[in-house]
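Beneath this line is the structure, given in C-alpha cells, with notes to follow.
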Amino acid sequence: MNPEGHFLSIADWSTDRLVEALDLADRLKADPTAAGKPLAGKTLAMVFAKSSTRTRVSFEVGTAQLGGQALFLSSRDIQLGRGEPIADTARVLSRYVHGIMIRTFAQADVTALAEHGSIPIINGLTDLLHPCQIMADVQTIREEFGPDLSNITVAWIGDGNNMTNSWLNAAAKLGFALRIACPEGYDPDPTIFAEASAAASIELFRDPAEAAVGATVVTTDVWASMGQEEEAAEREKAFVGYHVDRRIMSNAADDAIFLHCLPAHRGEEVSADVIDGPASRVWNEAENRLHAQKAILAMLMG
C-alpha cells in the first residue's frame, strides 16, 4: 500500500495531502456532518498498549460521527499481549475490520502492521512520533493565525520526545520555523532533526528563554512521558529552567499562544497562570484532536 494509504508519520504525507486533511478538519469543526457518513458499515480497531483519555475518546466519537463503529482493544485483551507476532495480528485484523489505530511503544510495531496488513493503519502514538496530536496542534495554529504558516515560529521547550520529532516533520512539510530548547542529553531523534533541518528553518537551543524570543507559538509537554516514570526525579533535575511561565511567554510575540498536548503538570513544565491564562489555546487544541482525526479517518477509510 502507498505510504499515504496509512498515517504512520507526518513525513509520509505530501504537503498537499496534509493541507487537504487540515482543510477538511476545519470544515468538520464548522459542520460535523460535512463529510457525510463515509465510515457507514465500517469498523476501526483501536489497539492500546498505552492508555489514553484524548486518543480513545476522540477516535471513538469521531468514528461514530462518521457513521462507523470503533472497537477498543487493549494489549491485554488480544493475543499481542501473549506474544503473537504483530504480522499475524495485522493479517487477522485485516480480515475483520477496515482500519487500525494503534497507540503503542515501538514505531516498528506500527510499521509492521502497515507492512503485513491490507488496511489503513493510523499511528495514535509511539515513543518516536505523535502525528495525530501535531495535526490537531497545527489546526489550532491555523485557526488563530490563518492557513499561511510561512510567518509562524513555533518554540518547543522541554524534552526532545515524540512530540518534538513530529513537530520537526510538520515544519519540514508545512513551512513554519521551529525552535527547539532542550537540555543536553534530551535532544530529538538525530535523523529526523537532520532531515527536517534540510527542509525548514530549525534551530536548537539550550536556553528556553532565547528560543521563545519572538515566537508565535510556545509549546511543551510533561518532562517524563508514559513509560519514563522511573526517570522522573532525574528528569526534574535536568529540566530545571525549562518551566514555561510568564517570563518565558513575555519573550514571545505579543499575540503568541500557548499549546500543550496534555496531560499537564502545573508547577512543573508549565505554570498555572500560563496554561489557564489568556494565551492558552490548550482546550481548543484538545478538541481539535476530534476534528483532525475525523479528517484522517475519512480520507483513509472513506
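The values are calculated or read from the model by the stated rules, or taken from the named source; none is laboratory data. Because the structure is predicted, anything quoted here is derived from the model rather than measured. So basically every Cβ, Gly included, is an ideal-geometry build from the backbone, and we count neighbours across all protein chains shown.
Where residues in the range 205-234 are under 20 Å from the mean Cα position of the chain (by Cα) and over 18 Å from LEU259 (Cβ atoms), which of them is surrounded by the most Cβ atoms within 10 Å (Cβ to Cβ)?
Looking at residues that are under 20 Å from the mean Cα position of the chain (by Cα) and over 18 Å from LEU259 (Cβ atoms), I get ALA224.
Would you check which residues across the range 70-101 are of a type in the set (Gly, Ala, Ser) and at pLDDT 85 or above and list them?
Going residue by residue through the range 70-101, those that are of a type in the set (Gly, Ala, Ser) are 70, 74-75, 81, 83, 87, 90, 94, 99.
Answer for the range 70-101, where residues must be of a type in the set (Gly, Ala, Ser) and at pLDDT 85 or above: ALA70, SER74, ALA87, ALA90, SER94, GLY99.
Identify all residues within the range 259-283 that are within 16 Å of ILE134 (Cβ to Cβ), touching a strand residue (DSSP E or B) at 6+ places or on another chain (Cβ under 9 Å) and not charged (D, E, K, R); write none if there are none.
Step one: filter the range 259-283 for residues within 16 Å of ILE134 (Cβ to Cβ), giving 259-262, 281-282.
Next, only the ones that are touching a strand residue (DSSP E or B) at 6+ places or on another chain (Cβ under 9 Å) stay: 259-261, 281-282.
Selection gives LEU259, HIS260, CYS261, VAL282.
What are the residues in the range 110-130 that are of a type outside the set (A, V, I, L, M), within 13 Å of ILE86 (Cβ to Cβ) and crowded, with 24+ Cβ neighbours inside 10 Å, if any? Spell out the reasoning first.
Keep residues of the range 110-130 that are of a type outside the set (A, V, I, L, M), which gives 111, 115-118, 120, 123-124, 126-127, 130.
Right, trim to within 13 Å of ILE86 (Cβ to Cβ) and you get 111, 115-117, 126.
Once the filter is applied, which keeps residues that are of a type outside the set (A, V, I, L, M), within 13 Å of ILE86 (Cβ to Cβ) and crowded, with 24+ Cβ neighbours inside 10 Å, the range 110-130 yields only THR126.
Just one of GLN107, GLN133 is polar (S, T, N, Q), surrounded by fewer than 24 Cβ atoms within 10 Å (Cβ to Cβ) and within 27 Å of GLY5 (Cβ to Cβ); which is it?
Details: GLN133 fails: surrounded by fewer than 24 Cβ atoms within 10 Å (Cβ to Cβ).
Selected residue: GLN107, the only one of GLN107, GLN133 that is polar (S, T, N, Q), surrounded by fewer than 24 Cβ atoms within 10 Å (Cβ to Cβ) and within 27 Å of GLY5 (Cβ to Cβ).
For the condition among the acidic types (Asp, Glu), in the same structural domain as ASP245 (by TED's automatic domain parsing) and without any contact (Cβ under 8 Å) to a residue 12 or more places away in the chain, what is the one hit in ASP137, ASP148, ASP159, ASP187?
Details: ASP137 fails: without any contact (Cβ under 8 Å) to a residue 12 or more places away in the chain; ASP159 fails: without any contact (Cβ under 8 Å) to a residue 12 or more places away in the chain; ASP187 fails: without any contact (Cβ under 8 Å) to a residue 12 or more places away in the chain.
Within the list ASP137, ASP148, ASP159, ASP187, the selection yields ASP148.
Can you confirm whether the range 97-107 contains a residue that is touching a residue at least 24 places away in the same chain (Cβ under 8 Å) and in contact with an Asp or Glu (Cβ under 6 Å, 6 or more places away or on another chain)?
Within the range 97-107, one or more residues are touching a residue at least 24 places away in the same chain (Cβ under 8 Å) and in contact with an Asp or Glu (Cβ under 6 Å, 6 or more places away or on another chain).
If you scan the range 258-302, which residues turn out to be acidic (Asp, Glu), surrounded by 18 or more Cβ atoms within 10 Å (Cβ to Cβ) and either part of a helix (DSSP H, G or I) or at positive phi (or both)?
GLU285
Going through the range 69-97 one residue at a time, which ones are in a loop (DSSP other than H, G, I, E, B) and surrounded by fewer than 18 Cβ atoms within 10 Å (Cβ to Cβ)? Before the answer, list the steps.
At the first step, the residues of the range 69-97 found to be in a loop (DSSP other than H, G, I, E, B) are 75-78, 83-85, 97.
Within the range 69-97, SER75, ARG76, ASP77, ILE78, GLY83, GLU84, PRO85 meet the criteria.
If only one of VAL270, VAL274 is aliphatic (A, V, I, L, M), farther than 18 Å from GLY214 by Cβ and either outside the structural domain of ASP31 (by TED's automatic domain parsing) or within 21 Å of the chain's Cα centre (by Cα) (or both), which one is it?
Values: VAL274 fails: farther than 18 Å from GLY214 by Cβ.
Among VAL270, VAL274, only VAL270 is aliphatic (A, V, I, L, M), farther than 18 Å from GLY214 by Cβ and either outside the structural domain of ASP31 (by TED's automatic domain parsing) or within 21 Å of the chain's Cα centre (by Cα) (or both).
Run down GLU195, GLU230, GLU203 and say which single residue is touching a residue at least 60 places away in the same chain (Cβ under 8 Å), acidic (Asp, Glu), in the same structural domain as ASN161 (by TED's automatic domain parsing) and on the phi < 0 side of the Ramachandran plot. Spell out the reasoning first.
On the way: GLU230 fails: touching a residue at least 60 places away in the same chain (Cβ under 8 Å); GLU203 fails: touching a residue at least 60 places away in the same chain (Cβ under 8 Å).
After ruling out the rest, the residue left standing is GLU195.
Using the structure shown, decide if THR63 is of a type outside the set (Phe, Trp, Tyr) and either loosely packed, with under 13 Cβ neighbours inside 10 Å or under 15 Å from the mean Cα position of the chain (by Cα) (or both). Quick ask: steps written out before the conclusion?
On the way: of a type outside the set (Phe, Trp, Tyr): yes; either loosely packed, with under 13 Cβ neighbours inside 10 Å or under 15 Å from the mean Cα position of the chain (by Cα) (or both): no.
Against the criterion (of a type outside the set (Phe, Trp, Tyr) and either loosely packed, with under 13 Cβ neighbours inside 10 Å or under 15 Å from the mean Cα position of the chain (by Cα) (or both)), THR63 does not qualify.
Among the residues in the range 54-68, are any in contact with a Leu (Cβ under 7 Å, 6 or more places away or on another chain), part of a strand (DSSP E or B) and among the β-branched types (Val, Ile, Thr)?
Taking every residue of the range 54-68 in turn, none turns out to be in contact with a Leu (Cβ under 7 Å, 6 or more places away or on another chain), part of a strand (DSSP E or B) and among the β-branched types (Val, Ile, Thr).
Filter the range 108-156 down to the residues that are assigned to a loop (DSSP other than H, G, I, E, B) and among the charged types (D, E, K, R) and list them by number.
First, pick out the residues of the range 108-156 that are assigned to a loop (DSSP other than H, G, I, E, B): 117-120, 126-130, 146-152.
Selection gives ASP127, ASP148.
Where residues in the range 10-47 are small (Gly, Ala, Ser) and touching a helix residue (DSSP H, G or I) at 6+ places or on another chain (Cβ under 6 Å), which of them is surrounded by the fewest Cβ atoms within 10 Å (Cβ to Cβ)?
First, the residues of the range 10-47 that are small (Gly, Ala, Ser): 11, 14, 21, 25, 30, 34-36, 40-41, 45.
Subset that is touching a helix residue (DSSP H, G or I) at 6+ places or on another chain (Cβ under 6 Å): 11, 21, 25, 34-35, 45.
Numbers: ALA11: 19, ALA21: 23, ALA25: 26, ALA34: 14, ALA35: 20, ALA45: 21.
Checked the range 10-47; the qualifying residue surrounded by the fewest Cβ atoms within 10 Å (Cβ to Cβ) is ALA34.
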